[in-house]
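Participant: Just dropping this structure here.
The values are calculated or read from the model by the stated rules, or taken from the named source; none is laboratory data. Everything quoted here is computed from the prediction, not taken from an experiment. When we count neighbours, we look across all protein chains shown, and the Cβ atoms used for this are built from the backbone with ideal geometry, even at glycine. Heavy atoms of the whole protein, side chains included, go into the accessibility calculation; ligands, DNA and RNA do not. Shrake-Rupley method; radii C 1.70, N 1.55, O 1.52, S 1.80 Å.
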Amino acid sequence: GEAAQVRRQQRDEFGELLLSIRGLPAALPALPLELTVLYNSLLFTVGASDSAIKGEAEGIRQGLLRVLEACGACGQDLGPEELWQKVLQEVTVEELQAPLHRLGALQAAWWLAAGRLESVAGLFQLLSTAEDLGRAHCSEGQNKLLSLIKAWRVPPEGASLPLVQSAKDLKEILCTAAAFLQGLQELEAGNFPTALSLLQEAAGGFCSKKILAQIYTCLGCCAQRMGKPQTALQHLKRALQVDFQCLPALSHAAAVYHKLGETDAELQALTLLYEALGKNPPAAASSSPYFLMRTELLVHTPVLTSLLRHHHPSEVKYLLAQRCLQDGRVADAVEHYLDFLSLLQEGLQQQVPLDGSSALPRIPEVFLEAASALEQAGRHQDAITVCEEVISRTTDLIPRVLRVEERLEQLDCSSPGAELAGGLLSQKKESLCCLAWRTAGYLHQGWAWAKLGESKEAVTQFSRCLSDLLRLQLHGSGVKPIGNLQEEVEVLQKIRLLSLIGRGTQFLELGRHKEALLDFQHSLHVSPGDPAAASYLVQALWKLNRKQEAAAQWQKLSQSSPGEDGQQRGQGRPLPLYLVSCLEQAMFPHSVTLARNIQDYLGTAAQDTS
C-alpha cells in the first residue's frame, strides 16, 4: 500500500545518497555520516522488500573496507567474520565506534536470518567490552548467545543524522529472534525443556502480534511433545487470543483434543478451522508498520514452516468425516464425506500437497470410507454406487497375476540392481493397493445387498471379490510375506476372510448349507481360530444335521479363552478404517437358541452314554 510505496521511495533516495558519498575517496571525518547513511539505507531496503532476509547484507562489506582504507589498512581478501574482527580490533577512532556498533547489530540480523548463530556470538564478543563480557559470563545457566546480545551496550545516538530505527529497538529484535530461532532448533532436536524456556523468553520479547501468536503455537507444540496436553492447549488458546487468524494453532488444538479423546472439542475445533479457511482471509496487516527490521524477517526456518502449515479446506473436511466415522457419528460422517466428494468433483485435489504432509489418504480409500458411512446409515443403494466408482476406476490397474515372493521382500539396498528392484517393489505395492480397493468395493457391495435382503446378488458380489483375490499368489513364504509388502498382503487376507464369511452367511440364508460350510472351513484355513468363522461353522454343521461334529466344534470354541479371540481379531496392524464396518458385519450374532440346542444335545448324549 501507501506505506510500502513511501518505503521504496526512501530506499531509493538513501541508495542514491550512499552512491554519491561513495563516489568520493574514503575520509575519516565523513565516515560517521557515511556509515549512518548505510545503516538507514539497509533498513529501508529491508522494510521495502517485506520478505525474509537472505544472503549477505549488500553494502556492509564495502562500508567496512572504506573504514580500513581511511585508516590506511586493507582487507580485500578477508571473509566477513575476519573483516569485522580486523575493523573492530584495529580501528580505535572514537567517532567511528557508535556507527560501527550499529552496523554490527545490522550484520548480526543478517547472520541470524541465515542461521549463522556462531558468527553472531563471535561478533557480539567483539562488540562488547571486557566489563560487558564479564556481565555476560555471570549469568551462568543462561543461553550464551542471548547473554552476549543482552550484555552489548547500545551506543548513544549522535546528532549527525537521525536513525530510521534505533539501535536499542534493533537489540530487542535481535534478542527475540535469537531466542525464537534457538527455541525452534532445540524443539527440532527434541530438547523440549530447553526449547520451552527459549520460546518463553521469545514470547516476552519485542515482536508483532502475528509473531507472538506463532511463538505461542510453537510453545503449544513443544508442550504437546513433552506429554503435557493441558499446557499445550493453554498456549494454543493464547495464540488465538493474540491473533485469531493464527489458524495453525486451531489445527494443533484439534490434534491435542484427538490425543485426549475429547471428540466433541476436537470436532468443534475442526469445524471452526474449516469455516475460517472458507472465508477469504483479510489482507494480512503489515505486522508492525513502524519498524523496518522485524522479527519475522529473521525467523524463517523449515521447522517453523512445517509447524505453521496451513491445511487445505478439503483436508479439514476429510478429517471431520473421518473422526465422525471413527466415533460412530454416522449421520454427520455421511454429510462430511459427501461434501468432501463434491469438493473433489470441483477439482480441489490439485491444491493439496502430495508430499506426505497432507492428512488425506489415497482417494479410493476415501470413497470406500464414504461407502462404509452410507451403509451404516442404512443408505445401501448409495453405498453400492460409490463402490462401483472405485471398482470401475481400478479395473485396468491390476495385473492378471500378482506374485509376491519372499526374495523380493528382503531387498539388499547396496546390491546392484537394488534401484530397479525398488522400482518393481513400489509398482507391486501400488498394484496390491489397487487390488485391495477393488476387492473391498465388492466386499462392501456384498454386505449392502445382504442388508437389502438380496442374498443372490450378495453372493455374486462376494464371489467377484474372491475371484479377484485369486490373482494374488504368495510364494516362498507360506502365507506371510516378510518385509515391505506385509501390510498390503495382510489387508488382502482380511478381505478374503470377510468375503468368505459374508458369502457363507448368504448361502445359509438361501438354504445352501453345504456351500456355506465350505466357505466357513475355508475362512478358518485363511485365519485359523477366527471366532466368527468358527461360530458360523458350528451353525452350518448343525443345519446339516451333523450334530456330533457341531457339538465338538462348539465345545472347542467355548474352551478357547476370549483373550485368544481378541488376539485373533487384533492380529497385526489396525485395520484400514474402510474395513471396520465389514468386520463388524461379519461378527457372529450371538445365538441363544443354537447354544441351548447344542447344550440339550450334549446333555442327552451324556445321559445316553451313562
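Participant: Sorted by average packing, counted as other Cβ atoms within 10 angstrom per residue and highest first, what order do 486-494, 506-514 take?
Facilitator: 486-494, 506-514
Participant: Choose one of A70, G261, V491: the residue whose Cα lies farthest towards the positive end of the charge dipole of the chain (beta-carbon charges +1 Lys, Arg; -1 Asp, Glu; about the Cα centre).
Facilitator: Result: V491, furthest along the dipole toward the positive end.
Participant: Also: Return the calculated 222 nm mean residue ellipticity for the chain, to the nearest 500 deg cm²/dmol, obtained by summing -39500 (n - 2.57) across DSSP H runs with n ≥ 4 and dividing by the residue count.
Facilitator: Counting only the DSSP helices, I get -22500 deg cm²/dmol.
Participant: Taking a 1.4 Å probe, which of S49, S591 shows the most accessible area, and what order do the others take after it?
Facilitator: Listed by decreasing accessible area, they come as S49, S591.
Participant: Taking the Cα centre of the stretch 1-153 as origin and charging only Cβ (+1 Lys, Arg; -1 Asp, Glu), how large is the dipole, in debye to the nearest 20?
Facilitator: With Lys and Arg at +1 and Asp and Glu at -1, about 300 debye.
Participant: Percent relative contact order of the chain, based on C-alpha pairs within less than 8 angstrom and at least six residues apart?
Facilitator: Reported as a whole number, the value is 8 percent.
Participant: Give me the dipole magnitude in Debye, nearest 20, for the chain about the Cα centre, with unit charges on the beta carbon: positive for Lys and Arg, negative for Asp and Glu.
Facilitator: It comes to approximately 1120 debye.
Participant: Let's test the formula: R0 of 22 Å, r as the Cβ-Cβ distance of E430 and R400. What FRET efficiency results, to the nearest 0.05?
Facilitator: That pair, E430 with R400, gives E of 0.90.
Participant: Sticking with this one: List the relative contact order of the stretch 1-153 as a percent without decimals, with contacts defined as Cα pairs under 8 Å and 6+ residues apart.
Facilitator: On the way: 131 pairs, mean separation 31.3, N = 153.
Dividing the mean separation by the residue count of the stretch 1-153 yields 20 percent.
Participant: What's the angle, to the nearest 10 degrees (0 to 90), between helix 592-609's Cα axis and the longest principal axis of the chain?
Facilitator: 50
Participant: Whole-Hz ³J(HN,Hα) for each residue in the stretch 178-186, computed from phi via Karplus 6.51 cos²θ - 1.76 cosθ + 1.60 with θ = phi - 60°, x for glycine and proline: what do you get?
Facilitator: In residue order, the calculated couplings are 5, 5, 5, 4, 5, x, 5, 4, 5 Hz.
Participant: Specify the angular offset, from 0 to 90 degrees and rounded to the nearest 10, of the alpha carbon long axis of helix 531-543 from the longest principal axis of the alpha carbons in the chain.
Facilitator: Computed tilt is about 20 degrees.
Participant: Measure nothing but the geometry: give the 0 to 90° angle between the long axis through the Cα atoms of 513-526 and the longest principal axis through the Cα atoms of the chain, rounded to 10°.
Facilitator: Approximately 40 degrees, to the nearest 10.
Participant: Give me the lysines in straight-line cross-link reach of K171: C-alpha distance below 17 Å, same-chain residues under 8 apart excluded.
Facilitator: Candidates past the 8-residue exclusion: K144, K150.
Participant: Ranked highest first by the average count of other Cβ atoms within 10 Å around their residues, in what order do 217-229, 143-155 fall? All intermediate terms of the calculation are to be shown ahead of the outcome.
Facilitator: Values: 217-229: 21.6, 143-155: 19.8.
Result, highest mean Cβ count within 10 Å first: 217-229, 143-155.
Participant: Find how much the distance from D77 to K456 grows on full extension, using 0.36 nm per residue of separation minus their present alpha carbon separation; answer in nm with one decimal.
Facilitator: 127.7 nm
Participant: When the accessible area of the chain is computed with all protein chains present and a 1.4 Å probe, what percentage of it is carbon and sulfur? It would help to have the intermediate numbers written out before the result.
Facilitator: Details: 15460 of 29380 Å².
Exposed carbon and sulfur together represent 53 percent of the surface.
Participant: Does the stretch 1-153 classify as rounded, prolate or oblate by the C-alpha gyration tensor (a ≥ b ≥ c root eigenvalues; a/c under 1.5 gives rounded; else a/b over b/c gives prolate, otherwise oblate)?
Facilitator: Oblate is the answer for the stretch 1-153, as a/c is 1.5 or above yet b/c matches or exceeds a/b.
Participant: Same structure, new question: Straight-line reach only, C-alpha to C-alpha below 26 angstrom: list the lysines that K543 could link to, leaving out same-chain residues fewer than 8 apart.
Facilitator: List returned: K451, K456, K514, K556.
Participant: In straight Cα distance, which aspartates and glutamates are under 13 Å from K228, not counting same-chain residues fewer than 8 positions off?
Facilitator: Once the sequence-local aspartates and glutamates are set aside, nothing remains near K228.
Participant: While we're on this one: Could you give the distance between the Cα centres of the stretch 224-267 and the stretch 294-333, to the whole Å?
Facilitator: Rounded to whole Å, the Cα centres lie 12 Å apart.
Participant: Still on this structure: As I understand it, the dipole of the stretch 1-153 uses +1 on the Cβ of Lys and Arg and -1 on the Cβ of Asp and Glu, about the Cα centre. Which of A27, L146, A121 lies farthest toward its positive end?
Facilitator: Sorting the options by dipole projection puts first L146.
Participant: Amide H neighbours of L402 under 5 Å, counting only residues 5+ apart in sequence or on other chains, H built in-plane at 1.01 Å?
Facilitator: L472, Q473
Participant: Pull out the extension gain between E275 and L338, defined as 0.36 nm times the separation in residues minus the alpha carbon to alpha carbon distance; nm, one decimal. Please report the intermediate quantities before stating the final value.
Facilitator: Working: separation 63, 0.36 × 63 = 22.68 nm, distance 1.69 nm.
Using 0.36 nm per residue and subtracting the Cα-Cα distance, I get 21.0 nm.
Participant: Net charge near D264: determine it from the other residues with C-beta under 11 Å of the C-beta of D264, scoring Lys and Arg +1 and Asp and Glu -1.
Facilitator: -1
Participant: With the Cα gyration tensor of the stretch 75-122 giving a ≥ b ≥ c as the square roots of its eigenvalues, does the rule (a/c under 1.5 for rounded; else a/b larger than b/c for prolate; else oblate) give rounded, prolate or oblate?
Facilitator: Judged from the Cα gyration tensor, the stretch 75-122 comes out oblate (a/c at least 1.5, b/c at or above a/b).
Participant: Turning to a different aspect of this structure: Sort the following peptides by mean Cβ neighbour count (other Cβ atoms within 10 Å, averaged over residues), highest first: 465-472, 316-323, 392-399.
Facilitator: The packing order, highest mean first, is 316-323, 465-472, 392-399.
Participant: Next up: How much accessible area per residue does the stretch 1-153 have, in Å², with a 1.4 Å probe?
Facilitator: Roughly 48 Å² per residue, with all protein chains present.
Participant: Run the quick spin-label model on H475 and A189: label points 7 Å from Cα toward the beta carbon, then report their separation in nm to one decimal.
Facilitator: Taking the simple label geometry, H475 and A189 are separated by 5.1 nm.
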